[in-house]
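The values are calculated or read from the model by the stated rules, or taken from the named source; none is laboratory data. The shown structure was predicted, so the numbers you read here are calculated from the model rather than taken from an experiment. Here the Cβ positions follow ideal geometry from the backbone for every residue, glycine too, while neighbour counts run over all protein chains shown. In case anyone asks, the SASA skips ligands and DNA or RNA and just uses the protein heavy atoms, side chains included. Shrake-Rupley method; radii C 1.70, N 1.55, O 1.52, S 1.80 Å.
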Amino acid sequence: MENYMTQMEAARKGIVTEQVVCVAQKERMTVDELLPLVASGRVVICANKKHVCLDAQGIGSMLSTKINVNLGISRDCKDYNVEMQKVMEAVRLGAHAVMDLSSHGDTRPFRRKLISECPALIGTVPVYDSVIHYQRDLDTLSARDFIDVVRLHAQDGVDFMTLHCGITRKTIEQLKTTGRKMNIVSRGGSLVFAWMSMTGNENPFYEYYDEILDICREYDVTISLGDACRPGCLADASDACQFEELILLGELTRRAWAKDVSVLVEGPGHMPADQIAANMKLQQTICNGAPFYVLGPIVTDIAPGYDHITAAIGGTIAAMNGASFLCYVTPAEHLALPDINDVKQGIIASKIAAHAADIAKGIRGAREIDDKMAEARRNLDWEDQWACCIDPDTAKAVRSARKPEYDDTCSMCGKFCAVRSMNKALAGEHIDIL
């Protein structure tokens with residue numbers, strides 16, 4: 001078989017990889033339908049050649065919406081065993097990707113363990129790990145130090161990396177004059193901004209972008225172009241900083257494609273619901289249909305403890321208007337590192353958002369499970385209902401804790417159940433209520 005370096009290059013050469021076959025089956029597509037989408041960059045298959053246990057996934061607006069889970073330790077929560085438990089729970093619940101955002105300790109063994117054992121896509125943010133890897137303050141690191149960590153992550157087997165390439169020296173002056181309420185809320189973006197401010201140098205991820213592309217091409221790493229200037233509150237949404245960075249990300253997308261490197265483009269952020277659809281369409285235009293990876297968007301700033309809900313509202317709107325990849329948000333967003341229950345709540349909320357969007361945009365087979373649920377409810381078949389649930393464990397627990405007098409009803413309606421009454425009426429049976 002002809003040699004190839006990346007999934008994009010293979011698709012452009014007409015080579016059908018095992019990952020393409022796997023994704024086509026999952027998406028109910030033919031290989032002939034999928035291949036040109038991968039070749040053009042409108043579908044991304046993140047698949048580092050060293051991630052051998054990977055369960056391949058396709059990301060693109062014409063495919064089912066995928067979900068990412070952020071995990072990793074911090075100085076205040078440093079138990080890697082707990083994080084691994086979260087990873088396994090996330091995979092069990094159906095997460096398609098896991099990003100290791102660890103910011104403390106010896107990160108490499110955990111990253112390697114993830115890649116050796118986890119079938120989900122694995123993502124990282126190398127700028128976080130640079131300070132940890134070298135154990136030096138930010139302003140003592142060189143541009144070469146950052147690029148070497150990018151290579152290290154690629155060699156370890158990371159499938160995609162968030163790189164904040166679109167923030168430049170120009171952004172520093174722009175932020176000083178625009179009067180943003182929340183400035184930069186991207187952790188990686190703020191680190192790059194801080195490094196540029198302290199050293200007076202250009203963003204190394206922008207300045208050495210061609211070298212980064214060569215690294216990504218060698219290992220088939222997808223670049224996730226980080227949105228350093230994503231809005232961190234409603235007041236900053238759709239401002240000049242956000243859109244100027246997006247324009248640069250469009251240019252960087254085309255440069256990556258020229259080297260057969262696949263790209264995800266990251267997006268907002270906090271944003272009023274009425275601005276989301278227009279933002280999705282604008283991104284598709286500027287970035288030539290590259291898959292859009294969004295955090296939420298979070299549609300109100302006042303719901304700490306419930307931001308998995310505010311993000312699910314925004315995520316549904318975003319995905320039905322072109323976003324491909326939803327980064328989950330947990331109830332702990334803005335408050336703390338999520339625990340296992342927070343992770344579950346964030347994943348379930350994101351799965352609901354993704355599924356609702358897939359139905360709205362007519363993804364093949366998306367509504368079949370809803371129609372099965374309707375049949376199960378009409379038949380008062382509780383076992384079939386559990387089989388259709390996004391979270392059957394919770395559904396079973398609620399019913400079990402509030403058992404009805406009669407098994408064919410629930411404790412809300414009892415024999416007043418509309419479904420029971422209609423079934424009996426249409427069958428010509430006597431309808432007993434009392």
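Would you confirm, using the coordinates I've provided, whether A397 is in a helix (DSSP H, G or I) and closer than 30 Å to D301 by Cα? In short, no. Here the range 10-55 is the region considered, the condition is being open to solvent by 30 Å² or more (accessible area, probe 1.4 Å) and of a type in the set (D, E), and the residue that is nearest to the chain's Cα centre (by Cα) is D55.
Going residue by residue through the range 333-356, is there one that turns out to be in a helix (DSSP H, G or I) and touching a Cys at 6+ places or on another chain (Cβ under 7 Å)? No, that holds for no residue. Considered as a group, the residues in the range 168-180 that are open to solvent by 50 Å² or more (accessible area, probe 1.4 Å) and part of a helix (DSSP H, G or I) include one that is nearest to K50 (Cα to Cα), and that residue is R169. Restricting attention to the range 107-132, the residues being open to solvent by 20 Å² or more (accessible area, probe 1.4 Å) and assigned to a strand (DSSP E or B) number 0. A418: out of contact with any Cys (no Cβ under 7 Å at 6 or more places or on another chain), more than 30 Å from V91 (Cα to Cα), loosely packed, with under 15 Cβ neighbours inside 10 Å and free of Cβ contacts under 8 Å to residues at least 24 places away in the same chain, yes or no? Judged against the criteria, A418 is a match.
Of the candidates K424, K372, K415, the single residue that is part of a helix (DSSP H, G or I) and either among the small types (G, A, S) or under 30 Å from L326 (Cβ atoms) (or both) is K372.
Under the condition of being surrounded by 21 or more Cβ atoms within 10 Å (Cβ to Cβ), in contact (Cβ under 8 Å) with a residue 24 or more places away in the chain and closer than 27 Å to Q85 by Cβ, the residues counted in the range 305-330 number 10. Scoring S103 on the criteria (1) modelled with pLDDT of 90 or more; (2) open to solvent by 30 Å² or more (accessible area, probe 1.4 Å); (3) assigned to a loop (DSSP other than H, G, I, E, B); (4) in contact with a helix residue (DSSP H, G or I) (Cβ under 7 Å, 6 or more places away or on another chain) leaves a single failure, condition (1). In a residue-by-residue description of the range 280-289, the property of being surrounded by 23 or more Cβ atoms within 10 Å (Cβ to Cβ), of a type in the set (V, I, T) and in contact with a helix residue (DSSP H, G or I) (Cβ under 6 Å, 6 or more places away or on another chain) applies to no position.
When the range 71-105 is filtered for residues that are farther than 17 Å from Q345 by Cβ and among the polar types (S, T, N, Q), the ones remaining, listed by number, are S74, N81, S102, S103. Filter the range 181-192 down to residues that are farther than 28 Å from K259 by Cα and not basic (K, R) and give me whichever is least open to solvent (accessible area, probe 1.4 Å). Filtering the range 181-192 for residues that are farther than 28 Å from K259 by Cα and not basic (K, R), the one least open to solvent (accessible area, probe 1.4 Å) comes out as I184. For the range 357-369, the candidate set comprises residues that are of a type outside the set (D, E, K, R) and part of a helix (DSSP H, G or I); within that set, the residue that is farthest from Y306 (Cα to Cα) is I369. When restricted to residues that are surrounded by fewer than 18 Cβ atoms within 10 Å (Cβ to Cβ) and closer than 20 Å to S324 by Cβ, the range 252-274 contains 2. For the range 193-236, filtering for residues that are free of Cβ contacts under 8 Å to residues at least 60 places away in the same chain, open to solvent by less than 10 Å² (accessible area, probe 1.4 Å) and of a type in the set (D, E) leaves 1. Can you pull out every residue in the range 204-241 that is in contact with a Cys (Cβ under 7 Å, 6 or more places away or on another chain), in a helix (DSSP H, G or I) and modelled with pLDDT of 95 or more? F205, Y206, Y209, listed by residue number. Going through (1) outside any helix (DSSP H, G or I); (2) surrounded by fewer than 16 Cβ atoms within 10 Å (Cβ to Cβ); (3) out of contact with any Gly (no Cβ under 7 Å at 6 or more places or on another chain) one by one, C165 falls short only on (2). Residues in the range 133-162 that are of a type in the set (V, I, T), surrounded by 15 or more Cβ atoms within 10 Å (Cβ to Cβ) and free of Cβ contacts under 8 Å to residues at least 60 places away in the same chain: V149 only. Of all residues in the range 331-339, none are more than 30 Å from S102 (Cβ to Cβ), open to solvent by less than 60 Å² (accessible area, probe 1.4 Å) and in contact (Cβ under 8 Å) with a residue 12 or more places away in the chain.
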